[in-house]
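I have placed the structure first, in the form of structure tokens, so that the comments after it can refer back to it.
The values are calculated or read from the model by the stated rules, or taken from the named source; none is laboratory data. Keep in mind the model is a prediction, meaning the values are calculated, not measured. Every residue, glycine as well, gets a Cβ built from its backbone with ideal geometry; the counts of neighbours run over all protein chains shown. These area figures cover heavy atoms from the full protein model, side chains too; ligands, DNA and RNA do not enter into them. Shrake-Rupley method; radii C 1.70, N 1.55, O 1.52, S 1.80 Å.
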Amino acid sequence: MIVNAPIGVFDSGVGGLTVYRALRGLLPNEDFVYLGDTARLPYGTKSKQAVEHYTLAAARLLRGQGVKYMVVACNTASAQALGALDAAMPDLPHCGVIAAGAEAAVRATRNGRIAVLATEGTVRSGAYEAAILALRPDADVRMLPANLLVALAEEGWCDGAEATAIVGRYLAMLVPGYDTLVLGCTHFPLLLPVLRDLCPPDIHIVDSATVTARVVADTLKARGLMASSGAGRDTFWVTDSPERFERLGARFLGRDIRGRVAVADISLLPLENAGDAVNSAA
Ligand code: DGL
């Protein structure tokens, strides 16, 4: 692997910019290629097979760009497609966001009762329970499906009456006693102020974006792959509608990325062997 090669960051759309932002903050010298599969968003309501297929296509594109490491920033893709990715592309070093989020949750909890807010697909996969229970077998994990929060964050309704009502309705599923809440979706950090207001004051909120960035930085350093000089460059790709990504991206990043987003068509990439890998990983 080449130290100066870029890091690939993949998400179903714009939400992974929360992970990219955390990575950029920790790794100022790195080049990043961000790929948001906006043509197929949302992943959260799709089947495992579909999410695997899209993730492998994205990984092929990023590998074609010579990335030295791929961060699967999307929780849903991390929950459903890492097995297929391991099987199909063992030569592409990669990580998802769930292991880091689970580890941070296990570190944070005092009573072992951990709730996870996530998309339906992530909840269905059982990936967070598995990752948390592997680290703490006596943990009590409660999954809270909260699809609508993705739309809220995309719409920019991150505070005010609507956000308070909808976040409150989801949090009503959180019975008392859970001392840790994992934000198991890329979009949810945007709703952090409302979540903090509505959660019991002593609950620990874990944002998997921040902890994943730390894990990636540590991994690159340990493998001697961390770039140490030069101002890192960013390339943003989407599979549909760059204008919308630019508009929403400004909200996720807190800076203007107008005119800096290109379109990639990952549906045209050959997926030979991918089917075998998916089947053997299922
Ligand atoms: N990126 C997805 C996740 O983190 C949320 C958006 C979607 O459903 O595609 O689960």
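Residue 92 fulfils the conditions (1) out of contact with any helix residue (DSSP H, G or I) (no Cβ under 8 Å at 6 or more places or on another chain); (2) aliphatic (A, V, I, L, M); (3) in a loop (DSSP other than H, G, I, E, B) except for a single criterion, (1). Scanning the range 5-51 for residues that are within 15 Å of the ligand (Cβ to nearest atom), open to solvent by 50 Å² or more (accessible area, probe 1.4 Å) and in a helix (DSSP H, G or I) returns 21, 48. For the range 97-108, state whether one or more residues are in contact (Cβ under 8 Å) with a residue 60 or more places away in the chain and not in a helix (DSSP H, G or I). Scanning the range 97-108, I find at least one residue that is in contact (Cβ under 8 Å) with a residue 60 or more places away in the chain and not in a helix (DSSP H, G or I), so the answer is yes. With respect to (1) open to solvent by 10 Å² or more (accessible area, probe 1.4 Å); (2) at pLDDT 95 or above, the lone exception for residue 195 is condition (1).
Any idea which residue in the range 204-236 is farthest from residue 96 (Cα to Cα), counting only those that are assigned to a loop (DSSP other than H, G, I, E, B) and open to solvent by less than 20 Å² (accessible area, probe 1.4 Å)? Among those residues, the one meeting the criterion is 227.
Residue-by-condition table, conditions (1) within 11 Å of the ligand (Cβ to nearest atom); (2) free of Cβ contacts under 8 Å to residues at least 24 places away in the same chain; (3) within 19 Å of residue 50 (Cα to Cα):
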residue	(1), (2), (3)
74	yes, no, yes
77	yes, no, yes
83	no, no, yes
87	no, no, yes
92	no, no, no
111	no, no, no
122	yes, no, yes
142	no, no, no
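Exactly one condition in (1) open to solvent by 10 Å² or more (accessible area, probe 1.4 Å); (2) over 16 Å from residue 34 (Cα atoms); (3) modelled with pLDDT of 95 or more; (4) β-branched (Val, Ile, Thr) is false for residue 261; which is it? Going through (1) open to solvent by 10 Å² or more (accessible area, probe 1.4 Å); (2) over 16 Å from residue 34 (Cα atoms); (3) modelled with pLDDT of 95 or more; (4) β-branched (Val, Ile, Thr) one by one, residue 261 breaks only (2).
What pairs come out if I take residues in the range 221-238 that are under 19 Å from residue 21 (Cα atoms) and pair them with residues that are modelled with pLDDT under 95 and among the charged types (D, E, K, R) whose C-beta lies under 7 Å away, six or more apart or interchain? Close Cβ pairs satisfying both conditions: 236/260. Inclusion of residue 176 among residues that are open to solvent by 10 Å² or more (accessible area, probe 1.4 Å), of a type outside the set (A, V, I, L, M), away from the ligand (no atom under 12 Å from the Cβ) and under 23 Å from residue 193 (Cα atoms) is warranted.
Restricting the search to the range 97-107, which residues are open to solvent by 20 Å² or more (accessible area, probe 1.4 Å) and either within 16 Å of the ligand (Cβ to nearest atom) or touching a His at 6+ places or on another chain (Cβ under 8 Å) (or both)? Before you say what the answer is, go through the steps one by one.
Going through the range 97-107, the residues open to solvent by 20 Å² or more (accessible area, probe 1.4 Å) turn out to be 99, 103, 106-107.
The answer is 99, and nothing else.
Can we say residue 91 is among the acidic types (Asp, Glu), surrounded by fewer than 21 Cβ atoms within 10 Å (Cβ to Cβ) and more than 30 Å from residue 142 (Cβ to Cβ)? Answer is yes for this residue. Collect the residues in the range 144-159 that are open to solvent by less than 40 Å² (accessible area, probe 1.4 Å) and either assigned to a helix (DSSP H, G or I) or free of Cβ contacts under 8 Å to residues at least 12 places away in the same chain (or both), keeping them in residue-number order. Matches in the range 144-159: 149, 150, 152, 153, 154. For the condition in contact with a strand residue (DSSP E or B) (Cβ under 7 Å, 6 or more places away or on another chain) and surrounded by 19 or more Cβ atoms within 10 Å (Cβ to Cβ), residue 127 does not qualify.
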